[in-house]
Structures are given as structure tokens and as C-alpha cells.
Amino acid sequence: MAAQNANAKTQTKTDDAAKDNWGWWWRPGSNAKFYASCNVISVNYGFIGLGQMGQHMARHIYDKLDIENDKLYVYDVFPQAITAFVDNVTSIKPEHKHALTPLSSIKSFVHDVENPLDFIITMVPEGKHVKSVITELTKEYKSVNPSYSTTFIDSSTIDIKTSRECHEIVKNELPEFDFIDAPVSGGVAGARKATLSFMLSREDDASVSPELRELLSKMGKNIFPCGSQHGTGLAAKLSNNYLLAITNLATADSFQLAKSFGLNLQNYAKLVAVSTGKSWASVDNCPIPDVYPENNLPADVGYKGGFITRLTRKDVVLACESAKMANRFLYLGDVGRHWYDKACEHEDIANRDLGVLFEWLGDLEQDSVGNVIDTKRK
Ligand code: NAD
């Protein structure tokens, strides 16, 4: 049975055509009807950004659609991403095909859908992409003077300032609508397995609506309310990813140090896993090959896939810039950023999992006056 949606609440208040508890509800401005007696209400989802993360998140929504009632509309600026997504999910679950519609533009989410959308999720690279999508959606929704409400959920990792600007644009132009920052942790593996953790700008569990909870639970396992002010979800995400980025550098240092002492690195990795040096970077994403072959970690496949160094750098930069705006000096902010900047000068490092920083450190040497030389790259 589909969830009761946010629009359903609005309709209860505003829809004069609503009959009684045993009749049909007509969604204003549309042909949709809902049978109130049994609470079967359609939920219409939009998903924008079908990249490494988004393709899996959208797939879980698709897989879990109530196909009698729900609909999913998807879009990516890169048309091949849409085609690949549609081909993939419909070949695995053809029985849901009729509930999926690929769209060819952002404005289609407003004008070319059967019924107004309840949720639109964005999973795009940077703040500028989120802002352009949200600005366009807001403009198009405003042009139809909607009597319903739609919730925009942004799961991208972006700067807090841009996210707050998007929130204000939506709230100023469409007061009944909402824009929520809901970044995720768990990486591509978490997106694939629907085990993501969502960080939400919500005061507590009670302030996460059942409809939102149901949607996020299709894609993830944990929902963490981080505070009532818009942007607190991102604040938690950036603080966490800063910790990840810095512990990843310390892990690379530690393992190269152990190597220079002549230690067996597989044994050392097992020791770290039960010692005070353990962390996600040193254990769950251990950069030493053959320690956990059963987990098929990036280190076992030449650091391909995983959470690439370029995205880690992006998060370090966002965390450091946000820290500056909050007047928060960080011990390791500048030094951490320096090394991620340097790493990303090399495509072969930038585009591989962040564990590759262990391997790269092995290519670096310091000369007698303290200059660091990359022995393999210019
Ligand atoms: P990606 O580059 O693989 O995918 C982004 C997708 O968005 C691409 O398909 C791109 O074509 C599309 N896109 C860009 N601009 C668009 C626009 N204006 N309209 C529609 N589509 C647009 O990136 P990803 O790895 O999926 O990450 C997405 C976001 O999630 C980023 O902010 C990233 O930092 C964050 N994130 C990534 C991971 C990870 O492990 N990859 C983990 C957590 C969070």
C-alpha cells in the first residue's frame, strides 16, 4: 500500500471537491483520484541526477514503487545516463516499467507529469548544479500557481551557504513547498545496497514526517536528525567527511611508516584493526591489498571505484571553507587541503578511491632541503 503523502494533507485542507471519507478525492488541477476509505494514495516521485549514487538510489525507489498507485519520473543532464538507468531497472523489474517515466528537461517535472510530484530528490555534483535545478523548478512551479505542495530533497554534498540560498528561494517563492538538505554517507556501496545514512536538518525523530521517513527508508538504513536550522544535515556531513579525509591521510602515513620499518603490512593492518589506530580508512577501506579479500575493497582492484580522491578533496574544501565562515580554526584543515589539492593534480590519483593516497605517498620523497618530489609523476 502506498504511503499517505504530503499532498494528501494539503488536499484535506484545500480541496473543495473532496467528498467524504468513503469517496474519491480529486487532486486539484489534475485527474488523479484517491480512495480515502482505504488510504490508498498515490505518491509521485521525481529524481534528478542518475550518476554513481543517484542511479542506485533511484533504482531502490523504482523497485519499491506501489505500481498500482505510485509513479517515478527521472532526469539527468546527460541523456545516456537516463537511457542506461531505464534499460537497467526495467530489465531487472519489467513489471514496474509502466510506473517509470524518463523526462527530457527540468521543467517537465512541472508540466509533463500525470500528477503533481510529492517529492523531488536531487543527487548532483555541486552547489551550482543544485542551485540551477532548484531555481528552475521554483520558477516553473510558480508559473502554474500550484495549490499543492512538493518537497525538494537534496542529497548532494554541497556548501551550506548555497543550500541555505536554495532553501530561501523556495520558501520565498513557494511558501507551501519545502527544500530539505539530506546528504548521505555510505558511499556507492551503501547506495547500491540501500544502506545509506541520511543527515537531515530536522530537530528530532518526531519532526521527520512519516512520508519522508518512508521515502528515505527505501534508499537507506539510518536517518539522523541533526538540528532544526536548514543546513545542519550538511554541517554534519561536512564534519564527518573532514574526519574521513584526515584519517585517510594519517592512515597512509602510518602504513608507509610501518613499511619503512620493514613490517609486514597485512599483519600490521590486522593489528590496527583491533588497536587504537582503527578507523574506517584503516579498516573498512583498508588501503593494503589482500587483507580482506572477501570484501573486494578498492585496494584489491587497484583502487578503482570507491569514493574517489577528487570527491574527497571537494568535501575537504567545503569543510575548510565552512570552518572559515564559522571562524573555526582547524589543526589539520590547511595541511589536509594541501595534500588533497596536490593529489588531484594527477588524474590517476584524483579518479581513484581515496585509499590510493597510501600508494601515492610511496612515490613521494623529500630532498635534503625539504622539497617533496614525486618520483613517478612530473
Ligand atoms: P556523479 O558525478 O557520478 O553523478 C552526478 C550526476 O548528476 C551525473 O550523472 C550528472 O550528469 C548529473 N547532473 C549534473 N548536473 C545536473 C543538472 N543540472 N541536472 C541534472 N543532472 C545533472 O556524482 P555522484 O558520485 O553520484 O555524487 C553525487 C553527489 O553525492 C555529490 O555531491 C557527491 O559529493 C555526493 N556523494 C557522493 C558519494 C560517492 O561515494 N560517490 C557519497 C556521498 C555523497
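The values are calculated or read from the model by the stated rules, or taken from the named source; none is laboratory data. Just so you know, these numbers come straight off a predicted model, no measurement behind them. Neighbour counts run over all protein chains shown; Cβ positions are idealised from the backbone, glycine included.
So how many residues does the stretch 166-187 have that are within 16 Å of the ligand (Cβ to nearest atom) and either among the aromatic types (F, W, Y) or modelled with pLDDT of 95 or more (or both)? Walk me through how you get there before you give the answer.
Step one: filter the stretch 166-187 for residues within 16 Å of the ligand (Cβ to nearest atom), giving 166, 169, 179-187.
Checking which are either among the aromatic types (F, W, Y) or modelled with pLDDT of 95 or more (or both) leaves us with 166, 169, 179-184.
Total satisfying the criteria: 8.
Which residues, taken from the stretch 142-171, are over 23 Å from A319 (Cα atoms) and in contact with a helix residue (DSSP H, G or I) (Cβ under 9 Å, 6 or more places away or on another chain)? Outline the logic, then answer.
The initial filter retains those residues of the stretch 142-171 that are over 23 Å from A319 (Cα atoms), namely 142-152, 169-171.
Matches in the stretch 142-171: K142, S143, V144, P146, S147, Y148, S149, T150, T151, F152, I169, V170.
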When residues of the stretch 143-160 are limited to those that are in a loop (DSSP other than H, G, I, E, B) and among the polar types (S, T, N, Q), the one farthest from the ligand (Cβ to nearest atom): S147
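What tally of residues in the stretch 289-337 results from selecting those that are in a helix (DSSP H, G or I), among the basic types (K, R) and either more than 24 Å from the chain's Cα centre (by Cα) or surrounded by fewer than 13 Cβ atoms within 10 Å (Cβ to Cβ) (or both)? Outline the logic, then answer.
Pass one, the stretch 289-337, residues in a helix (DSSP H, G or I): 293-295, 298-301, 309-325, 333-337.
With among the basic types (K, R) added as a condition, the list becomes 310, 313-314, 324, 337.
Within this subset, residues satisfying the condition of being either more than 24 Å from the chain's Cα centre (by Cα) or surrounded by fewer than 13 Cβ atoms within 10 Å (Cβ to Cβ) (or both) are 324.
Residues meeting the conditions: 1.
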Where P125 falls short, out of the listed (1) modelled with pLDDT under 95; (2) part of a helix (DSSP H, G or I): (2)
Search result, residues across the stretch 101-137 that are touching a helix residue (DSSP H, G or I) at 6+ places or on another chain (Cβ under 6 Å), of a type in the set (K, R) and within 11 Å of the ligand (Cβ to nearest atom): K131
Residue in the stretch 61-81 that is surrounded by 17 or more Cβ atoms within 10 Å (Cβ to Cβ), among the aromatic types (F, W, Y) and within 15 Å of A191 (Cβ to Cβ) present: yes
Failed item, numbered, when K221 is tested on (1) more than 13 Å from the chain's Cα centre (by Cα); (2) within 16 Å of the ligand (Cβ to nearest atom); (3) not in a strand (DSSP E or B): (3)
From G190, G233, G262, G277, residue being at pLDDT below 95 and either more than 29 Å from L364 (Cβ to Cβ) or in a loop (DSSP other than H, G, I, E, B) (or both): G190
Residues (within 26 Å of F224 (Cβ to Cβ) and more than 16 Å from the ligand (Cβ to nearest atom)) located in the stretch 248-276: L249, A250, T251, A273, T276
Identity of the residue in the stretch 195-210, more than 14 Å from the ligand (Cβ to nearest atom) and either part of a strand (DSSP E or B) or under 17 Å from T122 (Cα atoms) (or both), that ends up nearest to the chain's Cα centre (by Cα): L200
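Do we have V184 as under 10 Å from the mean Cα position of the chain (by Cα), in contact (Cβ under 8 Å) with a residue 40 or more places away in the chain and within 24 Å of K161 (Cα to Cα) here?
Working: under 10 Å from the mean Cα position of the chain (by Cα): yes; in contact (Cβ under 8 Å) with a residue 40 or more places away in the chain: yes; within 24 Å of K161 (Cα to Cα): yes.
Criteria met by V184.
Can you confirm whether Y45 is crowded, with 21+ Cβ neighbours inside 10 Å, in contact with a His (Cβ under 8 Å, 6 or more places away or on another chain) and not β-branched (V, I, T)? Spell out how you get there, then give the answer.
Working: crowded, with 21+ Cβ neighbours inside 10 Å: yes; in contact with a His (Cβ under 8 Å, 6 or more places away or on another chain): no; not β-branched (V, I, T): yes.
No: the conditions fail for Y45.
Residues that are modelled with pLDDT of 90 or more, more than 16 Å from the ligand (Cβ to nearest atom) and over 18 Å from G220 (Cβ atoms): which helices (runs of 4 or more DSSP H) entirely in the stretch 6-98 hold 1 or more of them? Walk me through how you get there before you give the answer.
Values: elements: 6-14, 54-63, 79-92.
By residue number, 79-92.
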Residue within the stretch 195-208 that is in contact with a strand residue (DSSP E or B) (Cβ under 7 Å, 6 or more places away or on another chain), buried (at least 17 other Cβ atoms within 10 Å of the Cβ) and basic (K, R) present: yes
Those residues of the stretch 312-336 which are away from the ligand (no atom under 16 Å from the Cβ) and either closer than 23 Å to G187 by Cβ or among the small types (G, A, S) (or both), in sequence order: A323, A326, L332, G333, G336
